[in-house]
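Enquirer: One structure is given below, represented as structure tokens, and several questions about it will come after.
Readers should treat all values here as calculations from the given coordinates under stated rules, not as data from a laboratory. From a predicted model like this one, the values you see are computed outputs, not experimental measurements. Cβ coordinates were reconstructed from backbone atoms using ideal geometry, including for glycine residues, and neighbour counts include every protein chain displayed.
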Amino acid sequence: MNILLAFLFILFPPEDQIKIKDAWMRPSSEKMATALYFVIENKSETADTLFQVDSDLAERVEIHETYSEGEMMGMRKVDFIVIDGQGSFELKPGAHHIMLMKLKKNINDGDKGEFVLHFKQAGELKITATARKPK
Ligand SMILES: [Cu+2]
């Protein structure tokens, strides 16, 4: 029985090495920008890297971090986010986020948007985010 289970495990490796939780975005307007947030959970032993996010909602999508320099707060593009093996990473207001620039349409409270996340190990992952105001 155990041999059979091991065999099945090889044939069908668990798909959700990466789990995305609580995906949400801020309501915004056409031509403006907004941010997408979610929690990444890495169930695998190996570290993984998020390096690209695609969306039909915006003309440009970038991974951003928030930084402070003295009294000044700003945000800037980063090339990737690393999630440790058996670790998690939270994108949230005031920290890392996915920046959606030049929105192609209004995003209203309750609207849903689809995104494709690209990970080095886990590959492509499709997620749905709901628009809501920050809690
Ligand atoms: Cu930003």
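Enquirer: From the square roots a ≥ b ≥ c of the eigenvalues of the alpha-carbon gyration tensor of the stretch 14-135, which class results: rounded (a/c under 1.5), prolate (a/b over b/c), or oblate?
Expert: Working: a/c = 1.83, a/b = 1.29, b/c = 1.42.
Oblate, because a/c is 1.5 or more while a/b does not exceed b/c.
Enquirer: A further question on this structure: In sequence order, what are the phi-derived ³J(HN,Hα) couplings for the stretch 118-134 according to the Karplus relation 6.51 cos²θ - 1.76 cosθ + 1.60 with θ = phi - 60°, rounded to whole Hz, with x for glycine and proline?
Expert: 10, 10, 5, 8, 7, x, 8, 9, 8, 10, 10, 10, 9, 7, 7, 6, x
Enquirer: Another question, then. List every residue whose amide H lies under 5 Å from the amide H of GLN121, counting only residues 5 or more places away in sequence or on a different chain, with H placed 1.01 Å from N in the peptide plane.
Expert: THR49
Enquirer: As I understand it, the value is the acute angle between the Cα axis of helix 2-11 and the longest principal axis of the Cα atoms of the chain; what does it come to in degrees, rounded to 10?
Expert: Helix 2-11 and the main axis of the chain meet at about 40 degrees.
Enquirer: Order these peptides, 71-84, 117-130, by their mean beta-carbon neighbour count within 10 angstrom, highest first.
Expert: 117-130, 71-84
Enquirer: Pop out the ³J(HN,Hα) list for the stretch 93-98 in order, Karplus 6.51 cos²θ - 1.76 cosθ + 1.60 with θ = phi - 60°, rounded to Hz; leave Gly and Pro as x.
Expert: Whole-Hz 3J(HN,Hα) from phi for the stretch 93-98: x, x, 9, 5, 7, 9.
Enquirer: ³J(HN,Hα) across the stretch 47-60 via Karplus (A = 6.51, B = -1.76, C = 1.60, θ = phi - 60°), whole Hz, x for Gly/Pro?
Expert: Going residue by residue, I get 5, 10, 10, 8, 10, 7, 10, 10, 7, 7, 6, 10, 6, 9 Hz, with x marking Gly and Pro.
Enquirer: Would you work out the charge dipole size for the chain about its Cα centre, treating the Cβ of every Lys and Arg as +1 and the Cβ of every Asp and Glu as -1, and quote it to the nearest 20 debye?
Expert: 480 debye
Enquirer: Could you tell me how far the Cα centroid of the stretch 35-92 sits from the Cα centroid of the stretch 110-131, in Å?
Expert: Going from one Cα centre to the other spans 13 Å.
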